[in-house]
Amino acid sequence: MIPAPFEYVRAGSLDEACRVLAEAEEAGEDVKVLAGGQSLLPLLRLRLAYLSALVDVGRLAELRGVEDRGDHVFVGALTTHDEVLRSEVVRELVPLLALATATVADPAVRHRGTFGGSLAHADPAGDLPAVALALDCVFVVRSDEGEREIPASDFFVDYLESALEPGEVLVGVRVPKLGPGWGFHYEKFHRTAQSWATVGVAAAVRLGEGVVEEARIALTNMGPTPVRARAVETALRGVPLGSSDGERLRQVCDLADEGASPPADLHGDPAYRRHLARVLTRRAVVTAGA
Amino acid sequence: MTEQLDAGLVAERIAESDQLSAPSGDREIGRARRRKEDARLVTGRTTWTDNIQLPGMLYVTFLRSPMAHARITRVDTSAARARPGVVAALSGRDLADEQGSLPCAWPVTEDIVIPDHPPMAVEEVRYVGEAVACVVATDRYAAADALEEIEVDYEPLEAVVDMTEALTEGSPKVHETGNRAFTWRFAQGDVGAAFRDAPIVVERDYVQQRLIPTAMEPRAVVATTDGDSFTLYSATQIPHVLRVMLAMTTGIPEHRLRVVAPDVGGGFGSKLQVTAEEVLALLLTRRIGRPVKWTESRSEGNLTVHHGRDQLQRIRLAAERDGRLRAVQVELLADMGAYLMLVTPGVPLLGAFMYNGIYKMDAYDFTCTGVFTTKMPTDAYRGAGRPEATFAIERAMDELAHELGLDPVEVRRRNWIAHEEFPYTTVCGLTYDSGNYEAATDRALDLFGYDTLREEQARRRAEGDPIQLGIGVSTFTEMCGLAPSRVLGSLSYGAGGWEHASVRVLPTGKVEVVTGTSPHGQGHETAWSQIASDALGVPFEDVSVLHGDTAISHKGMDTYGSRSLVVGGIAVLSACEKVKDRARELAAHMLEASAEDVEFADGSFRVRGTSQGRTIQEVALAAFAAHDLPDGVEPGLDAETTFDPDNFSFPHGTHLCAVEVDTETGGTTIRSYVAVDDVGAVVNPLIVEGQVHGGIAQGIGQALFEEAIYDAEGNLLTTTMADYLVPTALDLPEFVTDRTETPATSNPLGVKGVGEAGTIASTPAVVNAVVDALRPYGVRDVRMPCTPERVWRAINSGTSGASGVSEASEGSHGSGAPQSSQGSRASEGFEGGGR
Ligand SMILES: Cc1cc2nc3c(=O)[nH]c(=O)nc-3n(C[C@H](O)[C@H](O)[C@H](O)COP(=O)(O)OP(=O)(O)OC[C@H]3O[C@@H](n4cnc5c(N)ncnc54)[C@H](O)[C@@H]3O)c2cc1C
């Protein structure tokens, strides 16, 4: 569990981080940003990744913190999972983020791992990418060349691959407040309390008189990227959530895995995951609407 | 400000809380003492092997085979040797002349095949993870980097991963001699007759999946030499056995080899081994002349710590229509892995006399075939053989109950040995000295609320609740306290089962107990202090316990098989008695009385009927000064005992588990768990409680979470803790525990041992509960671990939910029962309950 040698640079400012990354890119070096290290360091230690240098952004206060900005909440990339969980602003204004973050790993990992790191890592088994996708978050990204914004729907490109270009640092994420009438739930199915999701469902539901008016649903670990369950979202419109109409809801939620391409691993084969996605979507919707 | 974690403070807290848990009477035995070793263990102010730093220390890393089976055609270490900081880079060939073969101390049959087992592979690798080369460097980093510079060419050979296939004619061979290591049989009574016209026959196949013992402390070894003598520090549970075995393996004379087990963070059998790394560390320090250290990573450990379980079990019960057993027949295939390690072949045989459980019957037949595969060798893992036996019989008893439409507790009642029948010699010839299955079971049923839960179960079934409730029973016993030496001899084991202790009262009256047991989490320092304190009438705080270093504790058989208290603790007691007898003689001399007139109470010797007395501390000082000793009495106050038990001990208990099964996802949640154990007399209830809790957790791990999975090419897929799932407190219910106390009659303390009880009992209780929940779906088995996916598949197909790489032989699940009551008792009103 000893990584291969690499250079280590602690960035004193965001500008410096961007500059170092740009120089490294020019020199053709394999460089990555280091945040909480909870995903990157295991890869290095297992020698599944070899890098020439790490640029540690861990001390950059400018990347840290949660701010209410009117129609959205801005969450700095370096905000740790634990800080997200403790934030009143998050809990009250974008509760889905808090609900999902509470299921991430264990307290030790949550104290080091960061919100931005979880997203930049683009692990489809991570719990937060699905939340970002469901809420249509906007990613604010900086490089030597300036700042740009990436919508969540474009951010997750492939397994462990985001739309971040080499040289780009994720500054933070705009998490839209959905406004009144919305309910939220993150339904995670995993084998032990601290293991990764076999499947997870992030759901936001707006009800009017017991009937779904609008829904946003995204799935964790149902493909190489998080998956937006558009078919269910559409079909849910007008569906009552009362228990007497359980059958209709069931049928609608059976569309949950449409367009998904779930992986096969030790915790479940694709068929089982598809089944789980349907069941968990129904549960997530019911709880979100309650 | 937050308080600093401080050893002194912790010790103070522990002392404070001891004041609160005041003793019942003034005896130490039976008192819930906080463990005196914990302050240093939990604050880390202690010596774990990896903490040891010696001048000039070098670090070892091993290059491990990525192939399950291959011929090594070339190893080139030259590039590694050229790297900075590298002192040596060696292949198996470089060590071939001196490395010997790792020992197997349990040749269970005359014709057993014990293949040569070089610590570092020379010609051929036979499992993924086998060491093929090593680097010795001035720091860990240099050693790890240089490893990547070693070139190895392999000529692939076929992997052998499935035991059943391994025994077929055309199977590729793990060793030239073939894949069968041995077949061992034990039969009593007329089994043929018992089955021939049996009204009920239940036949089931169970899979004991392969497990990875996951001790909190990884393995670590430090070896050093002064050019003449050698010292090996190892995270081992068997320093004494290790010393003998290493001397035999390496040729280092035993008297010039000292083995030290510093504080060791858990073993569960995985550190009951003579490992390749221990042997190689010694060879490297001998070759290089400098101290070397090796510490494994968790992933390295998953590959190369010996694994546990891995058996295919076929169990057949013959029974009367009223449920009374006639006979039990067992056929096992036991996966040895690629080689036979210290007690590999003996592990399944530790269960050979246990498939009858607590039940009476006339005939018994047990056969076990050990099979070689290209996987990490298996060996002892908490319970070793007995969890497997208990699982099979307790699962099968539930099946019998189901076939007969009887309550599973009732079937057990009709068969178990009644309290008044003890001592009872079982069909296997073991004499269970004591037990009270009625009392433990009644207490457990009571605590559990059995009838209420059964009612709830019926209601959920009737309503077709997607969350179904299952109730599992396990009435277990085990043979532990390993072991009477003559019995071990009769089973061809390579050593005895005695234990040694010496006790010395120092000139100032303080007491040192030297024990041959080797605690690695069990709390012997506390428990042995309690025993000595009572026996010698000295304060608990005045006793210290020394262990784990062959230079200090010169004689011992170490810790495993729930033996330490029942064998080692009795040795301590007996040595204390000898000390007391010597002290009495001296006290009598000091008091000018005859020894018969001197009585001992509360730490003082008194002449009967007078107030004249001497404390044991005064006697100790006099014995030290030796100015005035009676003729023939030696100076000093000390004694030693080596104790060899007459019999095993037989803890028992009843464990009940209620599991909620989410039939939509296959998820299981343990709702309640009750354990009533009878471990005989209890020296320290807190320690017993801890052992029971940990044991249950580990047994639940097997039932629901853990499995070492190899793919068809022999690659281990569960090399990290993200894949090999070990439950934490968050995954476990509150355990409700209680005890009944039926003292063992085989030792003066009446103790039975508790180290493995929880693990042995809990696995079948949990799986019985899962299967019970799913009976309405026609499910009669779920393969362990009962993962959500397997449970879901079982519900949807009415089978065991088996799938994937390590498939059990299908098609052999047929019940021989002429009266099979397939289907369900309560399937009416059950939605979607079809098969
Ligand atoms: C035992 C364990 C269990 C876990 N369980 C879960 C779980 O159940 N659910 C879950 O969602 N996660 C889980 N995680 C992952 C955890 O959430 C990590 O915090 C997260 O994946 C990565 O965050 P980090 O800050 O540690 O990122 P790092 O490991 O530092 O980086 C991860 C990747 O993101 C890049 N990166 C990080 N920050 C930036 C940035 N600001 N700009 C550009 N690139 C950046 C890095 O270059 C790297 O490629 C677990 C981790 C562990 C160790």
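The values are calculated or read from the model by the stated rules, or taken from the named source; none is laboratory data. Just so we're clear, the structure is a prediction, and the values are computed from it rather than from any experiment. Cβ sites come from the backbone with ideal geometry, for glycine too, and all protein chains shown count toward neighbours. Protein only, heavy atoms only, side chains kept; ligands, DNA and RNA dropped before computing areas. Shrake-Rupley method; radii C 1.70, N 1.55, O 1.52, S 1.80 Å.
For the residues A:Gly167, A:Gly210, A:Gly37, a GNM of chain A with alpha-carbon springs under 10 Å puts the largest fluctuation on A:Gly210.
In the structure shown, the pairs A:Lys32/A:Lys177; B:Lys271/B:Lys360; B:Lys360/B:Lys752 are assessed against 25 Å; a Cα-Cα span above that value is assigned to A:Lys32/A:Lys177; B:Lys271/B:Lys360. Net charge dipole, chain B: roughly 280 debye, given to the nearest 20, about the Cα centre with Cβ charges of +1 for Lys and Arg and -1 for Asp and Glu. What a 1.4 Å probe finds exposed on chain A is 48% carbon and sulfur by accessible area, rounded to a whole percent. Please give the residues from segment B:137-154 for which the solvent-accessible area of heavy atoms, probe 1.4 Å, is smaller by at least 10 Å² with all protein chains in place than with the chain isolated. Checking the loss per residue gives B:Arg140, B:Tyr141, B:Ala144, B:Asp145, B:Glu148. How much net charge surrounds A:Leu51 when only the other residues with a Cβ under 10 Å from the Cβ of A:Leu51 are counted, with Lys and Arg +1 and Asp and Glu -1? Counting the neighbours of A:Leu51, the net charge comes to -2. Note on segment B:149-226 and segment B:36-79: Cα centroid distance 27 Å, given to the nearest whole angstrom.
A simple count of charges around B:Val791, restricted to other residues whose Cβ falls under 12 Å of its Cβ and scoring Lys, Arg +1 and Asp, Glu -1, yields -1. Looking at the protein assembly as shown, the DSSP beta bridges with both ends there are about 80 percent antiparallel.
How much accessible area per residue does chain B have, counting only protein heavy atoms and a probe of 1.4 Å, in square angstrom?
With the other protein chains kept in place, chain B gives 35 Å² per residue.
With contacts taken as Cα pairs under 8 Å at a separation of at least 6 residues, segment A:228-290 carries a relative contact order of 33 percent.
Approximating the spin labels as points 7 Å out from Cα along Cα→Cβ, the B:Asp442-to-B:Ala722 distance works out to 5.4 nm. Tally Lys/Arg at +1 and Asp/Glu at -1 over every other residue whose Cβ is under 13 Å from the Cβ of B:Ala89; what's the total? Counting the neighbours of B:Ala89, the net charge comes to -2.
Modelled label positions at A:Val157 and A:Glu23, each set 7 Å beyond Cα in the direction of Cβ, lie 2.5 nm from each other.
If R0 equals 56 Å, the separation of the Cβ atoms of B:Ser485 and A:Arg47 corresponds to a calculated FRET efficiency of about 0.70. Length available on full extension from B:Ala495 to B:Thr745: 0.36 nm per residue minus the Cα-Cα distance, which gives 87.5 nm.
Might you tell me the accessible area per residue for segment A:150-219, computed with a 1.4 Å probe and given in Å²? Working shown, then result.
Values: 2620 Å² over 70 residues.
Heavy-atom SASA per residue in segment A:150-219 reads 37 Å².
Phi-derived couplings, Karplus 6.51 cos²θ - 1.76 cosθ + 1.60 at θ = phi - 60°, listed residue by residue for segment A:188-194: 10, 10, 9, 7, 10, 4, 10 Hz, with x used for Gly and Pro. Heavy-atom accessible area buried between chains B and A is around 2300 Å² (1.4 Å probe, both sides summed). Just round it to a whole percent: the fraction of Cα-Cα distances in segment A:7-56 exceeding 17 Å. Value for segment A:7-56 (Cα pairs over 17 Å): 31 percent. On the basis of the beta-carbon distance and an R0 of 25 Å, A:Arg148 and A:Asp56 show a calculated FRET efficiency of 0.60. Dividing the mean sequence gap of close Cα pairs (under 8 Å, 6+ apart) by how many residues segment B:257-404 holds gives a relative contact order of 28 percent. For B:Asp310, the residues whose modelled amide H falls within less than 5 Å of its own, excluding neighbours fewer than 5 places apart on the same chain, are B:Gln209, B:Arg210, B:Leu211.
Remark: the protein assembly as shown carries a charge dipole of roughly 800 debye about the Cα centre, counting +1 on each Lys and Arg Cβ and -1 on each Asp and Glu Cβ. Relative to one another, the C-alpha centroids of segment A:91-127 and segment B:606-633 are positioned 71 Å apart.
Here each label is just a point 7 Å from Cα along the line to Cβ, and for B:Glu98 and B:Asp26 those points are 6.0 nm apart. In segment A:182-202, burial by the other protein chains removes 30 Å² or more of accessible area from A:Phe189, A:Arg191, A:Thr192, A:Ala193, A:Gln194, compared with the chain on its own (1.4 Å probe, ligands and nucleic acids ignored).
So if each residue of separation counts as 0.36 nm, and I subtract the Cα-Cα distance between B:Glu169 and B:Asp116, what length gain in nm does that give? Intermediate results must be reported in sequence, preceding the final value.
Values: separation 53, 0.36 × 53 = 19.08 nm, distance 2.31 nm.
Working it through step by step, the gained length comes to 16.8 nm.
For the pair B:Asp362 and B:Ala418, a Förster radius of 25 Å applied to the C-beta separation gives a FRET efficiency near 0.90, rounded to the nearest 0.05.
Suppose only helical runs count, i.e. DSSP H with n ≥ 4. What mean residue ellipticity at 222 nm does that imply for chain B under -39500 (n - 2.57) per run, divided by all residues and rounded to the nearest 500 deg cm²/dmol?
Numbers: 21 runs with 226 residues, N = 835.
Helices in chain B give a 222 nm mean residue ellipticity of -8000 deg cm²/dmol.
For segment A:6-19, backbone phi angles converted through the Karplus equation (6.51, -1.76, 1.60; θ = phi - 60°) give residue-by-residue couplings of 8, 7, 10, 10, 9, 6, x, 8, 4, 4, 5, 4, 4, 5 Hz, Gly and Pro being listed as x. Normalised by the number of residues in chain B, the average gap of Cα pairs under 8 Å and 6 or more apart makes the relative contact order 15 percent.
Non-local amide H neighbours of B:Gly653 (under 5 Å, H modeled in plane, Pro and chain starts lacking H): which ones? Residues meeting the criterion, in which the H sits 1.01 Å from N, are B:Phe476, B:Asp678. Under a 5 Å amide H cut-off, with hydrogens placed 1.01 Å from N, A:Val157 pairs with A:Ser162, A:Ala163 among residues at least 5 apart or on other chains.
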